[in-house]
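Each remark here refers to the structure printed beneath this line.
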Amino acid sequence: MKKYITNFTIKRKTVYNSHYFSLVLQHPDVLPEIEAGQFVEVEVPGNKQVMLRRPISIHDVDSDANTMTLLIQVVGKGTRTLSQLQEGETLNLVYPLGHGFSQEGSNVLLVGGGAGIAPLLHLSKCLKAKGVRATILLGGRTEELIPVRDEFAPYGTVGFATEDGSLGEKGLVTQHSLFSADYNHIYTCGPTPMMKAVARYAMEKGIECEVSLENMMACGVGACLCCVVDSDQGHKCVCKEGPVFNAKQLTNWIIN
Ligand SMILES: Cc1cc2nc3c(=O)[nH]c(=O)nc-3n(C[C@H](O)[C@H](O)[C@H](O)COP(=O)(O)OP(=O)(O)OC[C@H]3O[C@@H](n4cnc5c(N)ncnc54)[C@H](O)[C@@H]3O)c2cc1C
Ligand code: FES
């Protein structure tokens, strides 16, 4: 798939709380096809301490408006600098990167935790376009760490799990009443322990499962090897051969 290095204009910025914000980015030209689960490498403008681009999932795409949305959690200097950008400013992206979710399965569960919620909105939209209504389970330590909620409602049955019980059921996503063996395909993105628990459960129950890894990255295109995961077929670049992998390729990663 062809990659683009191009400037987008920040059309809309939404600040959800001190942890999360989103940017709707517009391009003058028609966007290429973007798979759910693909990501961009964002140049962090105006901060000489941040040399490397930052990988961010594509949260939403509006092909009619030539826009894509990024949902970003502020964790360090790069994301903090991005959070200070304003509407009308320019952001340079390399995109679309990596391989996305297969979009297979007729009765599917999407499990997202923290910033791992981001790629699941585009996925739930794509599944709906194929006639698949998903069950979407979103988790976080507290309510404010699940910044987007209503956006998912048109695309499936949505459940929430928070560790302090401030939103939805109290506990982990794997303890939620919607988390069961009723599905024939599970897609997950979020903190590594959560994805491993989800993938282990899916393997035990014989359910197809795809995980989207968020390893640290530098180049984003398979050149620097800093993002490798120890798959069952040897080392794989998460940026180029992932970030989405079938859990069956990662049994070593899942059990360790
Ligand atoms: C394919 C992919 C998609 C991603 N999608 C999103 C997204 O949609 N939204 C979002 O908010 N974040 C996403 N991330 C994570 C995001 O890239 C990092 O949070 C960001 O690069 C941190 O940059 P920083 O300069 O703010 O933090 P730094 O100053 O570089 O680091 C601050 C802290 O964050 C930790 N950190 C840095 N990178 C990662 C990482 N990849 N995973 C876990 N911890 C990390 C560091 O260990 C450190 O503790 C994604 C990562 C990958 C690989
Ligand atoms: S980030 Fe350079 S090879 Fe993946």
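Laboratory data are not the source of any read-out in this text; all were calculated from the coordinates shown. If you're wondering where the values come from, they're calculated on a predicted model, not measured in any experiment. Virtual Cβ from ideal backbone geometry, glycine too; neighbours counted across all protein chains shown.
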Please compute one quarter of the surface area of the Cα convex hull for the chain and express it in square nanometres. 13.0 nm²
Whose amide H sits under 5 Å from the amide H of Val50, counting only residues 5 or more places off or on another chain, with H placed in the peptide plane? none
Table column - 3J(HN,Hα) (Hz), the stretch 18-23, Karplus curve with 6.51, -1.76, 1.60, x for Gly and Pro: 6, 9, 10, 8, 10, 10
Straight-line reach from Lys13: which aspartates and glutamates fall under 13 Å, measuring Cα to Cα and dropping same-chain residues less than 8 apart? Glu87, Glu89
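Tell me, Ser83, Ser57 in order of fewest to most beta-carbon neighbours within 10 Å?
In order of increasing Cβ crowding within 10 Å: Ser83, Ser57.
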Residues whose modelled amide H sits under 5 Å from the amide H of Ala134, counting only those 5 or more places away in sequence or on another chain, are Thr157
On Cα atoms only, tilt of 118-129 relative to the major axis of the chain in degrees: 70 degrees
Could you point to the residue in Gly140, Leu85, Val50 farthest towards the positive end of the chain's charge dipole, with +1 and -1 charges on the Cβ of Lys/Arg and Asp/Glu respectively? Val50
Rank these for me by crowding, Lys77, Lys236, going from fewest to most other beta carbons within 10 Å. Lys77, Lys236
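For the chain, calculate the relative contact order in percent as a whole number, restricting contacts to Cα pairs under 8 Å that are 6 or more residues apart.
Normalised by residue count, the contact order of the chain is 17 percent.
Before anything else, pin down the relative contact order of the stretch 1-152: Cα pairs under 8 Å, at least 6 apart, normalised by residue count, whole percent.
Values: 299 pairs, mean separation 42.4, N = 152.
Relative contact order comes out at 28 percent.
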Please compare each pair in Lys48/Lys196; Lys196/Lys236; Lys130/Lys170; Lys77/Lys196; Lys77/Lys248; Lys3/Lys125 to a cut-off of 25 Å on the Cα-Cα distance and tell me which ones are over it. Lys48/Lys196; Lys130/Lys170; Lys77/Lys196; Lys77/Lys248
Report relative contact order for the stretch 161-235 in percent, whole number only (criteria: Cα-Cα under 8 Å, sequence separation at least 6). 19 percent
Using the alpha-carbon centroid of each, what span in Å lies between the stretch 108-142 and the stretch 233-256? 20 Å
Based only on the alpha carbon positions, what is the Kirkwood hydrodynamic radius of the stretch 108-212, in angstrom? 13.3 Å
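Just subtract the alpha-carbon distance of Ala153 and Glu33 from 0.36 nm times their residue separation and send over the number in nm, one decimal.
Details: separation 120, 0.36 × 120 = 43.20 nm, distance 2.39 nm.
Gain on extension, Ala153 to Glu33, equals 40.8 nm.
Can you put Asp232, Asp64 in order, fewest other beta carbons within 10 Å first? Could you put the intermediate results ahead of the total?
Numbers: Asp232 13, Asp64 6.
The most exposed by this proxy come first: Asp64, Asp232.
Report, to two decimal places, the Cα Rg of the stretch 4-97 normalised by 2.2 N^0.38 Å (N = number of residues). Display every interim value, and only then the final one.
Working: Rg = 12.3 Å, N = 94, 2.2 N^0.38 = 12.4 Å.
Dividing the Cα Rg of the stretch 4-97 by 2.2 N^0.38 Å gives 0.99.
How much of the DSSP bridge set in the chain is antiparallel, in percent, rounded to the nearest 5?
On the way: 36 of 61 bridges.
Taking every DSSP beta bridge within the chain, about 60 percent pair in antiparallel fashion.
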